[in-house]
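Engineer: Let me begin by handing over the structure; questions about it come next.
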Amino acid sequence: MMKVFALFAMLIISTGFCIWYKLRPHPIPGVYERNNGVKWNDTLMKHLPAGMDTTIVVKDVKGTPLKFGQYIKPVFNHEAAIYQDRGVWRFERLTETAKDSLKKDDDGVARWERWDEFRKPDTIKSWQTKLNSIAHTLAQADYVMVLKSQRKMFISRKGVNLATLNVNIGWTAEGKKTYEKDGKTPEGVYYLDCKYVRPDKYYKSFLISYPNAADKLNAQLKGLKPGGGVCIHGTRPGKEKAKDWTAGCIALANSDMDVLFDYVASGTVIDIRK
């Protein structure tokens, strides 16, 4: 009798385990095994940070628009990322397919930040911390304008100015950059990318997407190289009071670079005017 009871109990336990295993969420191999942070619960919709912009619509890889209620859960659970792409909000699931696509796209917008989403495990145990981080992302600027003649940078969001900063530009201050080593700062509409803290004396940096196709063609027609590596960066020691000292980059005081980093993410449009 005891043997029958033991066998019956083992059958129940085995059946229960199989049902639990089939119903439990399965991680995507190589991506989510390290993600053991707090997970989304629908009751959190009642605890969103004050002022969190829930009106932003993002587009997935197929161009399908997703509203806040559709993307908040996968983003909160570190199963997806949102980022700006030249004025459009994008949604990307952190799958092996997306990773393979990134490997093939050296010019992908916000490429560094998107890679970081894959590399960094989700170990955050505080739902407040997660929601505040998402709220900060959704609150960032969508447009940066530089007026070279005024040596000013304007950071704005939905047409509202958030900050005005002083800048220095290339040592050949007048005119649009057309070729390598001309000492001029570009003019035109580009986007910011490769946001990083520098290991050298220039503090922090954003790469500007110069040259674009038109810049390359213009230089080619003149038999010249367009140049590249144009950045917004901090001010190295000894240049705090210098004027227009860069080789074509846009320089900010280091404290202003902190402001820029707080307000702006990779993929943000920058409009540089004379």
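The values are calculated or read from the model by the stated rules, or taken from the named source; none is laboratory data. Predicted, not measured: the structure shown is a model, and the values here were computed from it. A quick note on method: Cβ atoms are made from the backbone with ideal geometry, for glycine too, and the neighbour counts reach across all protein chains shown. All accessible areas refer to the heavy atoms of the entire protein, side chains included, with ligands and DNA or RNA removed. Shrake-Rupley method; radii C 1.70, N 1.55, O 1.52, S 1.80 Å.
Engineer: Suppose we keep only residues that are of a type outside the set (D, E, K, R) and open to solvent by 40 Å² or more (accessible area, probe 1.4 Å) within the stretch 80-94. Which one would you say is modelled with the highest pLDDT? Full working, then the answer.
Structural biologist: Restricting attention to the stretch 80-94, the residues satisfying the condition of being of a type outside the set (D, E, K, R) are 80-84, 87-89, 91, 94.
Filter once more, keeping what is open to solvent by 40 Å² or more (accessible area, probe 1.4 Å): 87-88.
Working: Gly87: 93, Val88: 96.
Across the stretch 80-94, the extreme among qualifying residues is Val88.
Engineer: Here is a list: Gly238, Gly229. Which entry is closer than 16 Å to Gly170 by Cα and among the small types (Gly, Ala, Ser)? Walk me through how you get there before you give the answer.
Structural biologist: Numbers: Gly238 fails: closer than 16 Å to Gly170 by Cα.
Answer to the selection: Gly229.
Engineer: Here's a follow-up. Of the conditions (1) open to solvent by 70 Å² or more (accessible area, probe 1.4 Å); (2) over 17 Å from the mean Cα position of the chain (by Cα); (3) farther than 20 Å from Leu44 by Cβ, Lys120 satisfies every one except a single condition; which number is it?
Structural biologist: Of everything listed in (1) open to solvent by 70 Å² or more (accessible area, probe 1.4 Å); (2) over 17 Å from the mean Cα position of the chain (by Cα); (3) farther than 20 Å from Leu44 by Cβ, Lys120 misses just condition (2).
Engineer: Checking the conditions here, which among Asp122, Asp182, Asp193, Asp200 is under 18 Å from Asp256 (Cα atoms), among the charged types (D, E, K, R) and assigned to a loop (DSSP other than H, G, I, E, B)?
Structural biologist: Details: Asp122 fails: under 18 Å from Asp256 (Cα atoms); Asp182 fails: under 18 Å from Asp256 (Cα atoms); Asp193 fails: assigned to a loop (DSSP other than H, G, I, E, B).
Residue meeting the stated conditions: Asp200.
Engineer: A further question on this structure: Looking only at the stretch 58-79, how many residues end up being of a type in the set (Val, Ile, Thr), open to solvent by 40 Å² or more (accessible area, probe 1.4 Å) and at pLDDT 95 or above? So that I can check it myself, show each step before the final result.
Structural biologist: Quick first cut of the stretch 58-79, residues of a type in the set (Val, Ile, Thr) only: 58, 61, 64, 72, 75.
Keeping just the survivors that are open to solvent by 40 Å² or more (accessible area, probe 1.4 Å) gives 61, 64.
Narrowing further to those that are at pLDDT 95 or above: 64.
Final tally of qualifying residues: 1.
Engineer: Go through the stretch 147-168 and count every residue that is in contact with a Leu (Cβ under 9 Å, 6 or more places away or on another chain), of a type in the set (Val, Ile, Thr) and either farther than 11 Å from Tyr263 by Cα or open to solvent by 30 Å² or more (accessible area, probe 1.4 Å) (or both). Quick ask: steps written out before the conclusion?
Structural biologist: In the first step, residues of the stretch 147-168 are kept if they are in contact with a Leu (Cβ under 9 Å, 6 or more places away or on another chain); the result is 152-156, 163, 165-168.
Then keep just the ones that are of a type in the set (Val, Ile, Thr); that gives 155, 167.
Still in the list and also either farther than 11 Å from Tyr263 by Cα or open to solvent by 30 Å² or more (accessible area, probe 1.4 Å) (or both): 167.
Number satisfying all stated conditions: 1.
Engineer: So which of Thr129, Thr178 is in contact (Cβ under 8 Å) with a residue 24 or more places away in the chain, surrounded by fewer than 18 Cβ atoms within 10 Å (Cβ to Cβ) and β-branched (Val, Ile, Thr)?
Structural biologist: On the way: Thr129 fails: in contact (Cβ under 8 Å) with a residue 24 or more places away in the chain.
None of the other options fit; the residue is Thr178.
Engineer: I'm checking my understanding of the structure. Among residues of the stretch 203-212 that are out of contact with any helix residue (DSSP H, G or I) (no Cβ under 9 Å at 6 or more places or on another chain) and assigned to a loop (DSSP other than H, G, I, E, B), which one is most open to solvent (accessible area, probe 1.4 Å)?
Structural biologist: Here is the first cut: in the stretch 203-212, the residues out of contact with any helix residue (DSSP H, G or I) (no Cβ under 9 Å at 6 or more places or on another chain) are 207-210, 212.
Still in the running and assigned to a loop (DSSP other than H, G, I, E, B): 209-210, 212.
On the way: Ser209: 32, Tyr210: 13, Asn212: 52 Å².
Step by step, filter the stretch 203-212, then rank; the result is Asn212.
Engineer: In this structure, does Trp112 turn out to be over 17 Å from Asn77 (Cα atoms) and either in contact with a Pro (Cβ under 8 Å, 6 or more places away or on another chain) or of a type outside the set (D, E, K, R) (or both)?
Structural biologist: Details: over 17 Å from Asn77 (Cα atoms): yes; either in contact with a Pro (Cβ under 8 Å, 6 or more places away or on another chain) or of a type outside the set (D, E, K, R) (or both): yes.
In short, yes.
Engineer: Right, here's the next one. If you scan the stretch 155-174, which residues turn out to be β-branched (Val, Ile, Thr) and either part of a strand (DSSP E or B) or in contact with a Pro (Cβ under 8 Å, 6 or more places away or on another chain) (or both)? Spell out the reasoning first.
Structural biologist: Within the stretch 155-174, the first condition is being β-branched (Val, Ile, Thr), and the residues that meet it are 155, 160, 164, 167, 169, 172.
Ile155, Val160, Thr164, listed by residue number.
Engineer: Continuing with this model, one more query. Taking the stretch 95-117, which residues are part of a loop (DSSP other than H, G, I, E, B), without any contact (Cβ under 8 Å) to a residue 24 or more places away in the chain and open to solvent by less than 40 Å² (accessible area, probe 1.4 Å)? Explain how you work it out, then say what you get.
Structural biologist: Our first condition is that a residue be part of a loop (DSSP other than H, G, I, E, B); within the stretch 95-117, this holds for 95, 105-110.
Filter once more, keeping what is without any contact (Cβ under 8 Å) to a residue 24 or more places away in the chain: 105-108.
Scanning the stretch 95-117 gives a single hit, Gly108.
Engineer: If I go through the stretch 51-81 residue by residue, how many of them are more than 22 Å from Lys125 (Cβ to Cβ) and either charged (D, E, K, R) or not in a helix (DSSP H, G or I) (or both)?
Structural biologist: Counting residues in the stretch 51-81 that are more than 22 Å from Lys125 (Cβ to Cβ) and either charged (D, E, K, R) or not in a helix (DSSP H, G or I) (or both) gives 16.
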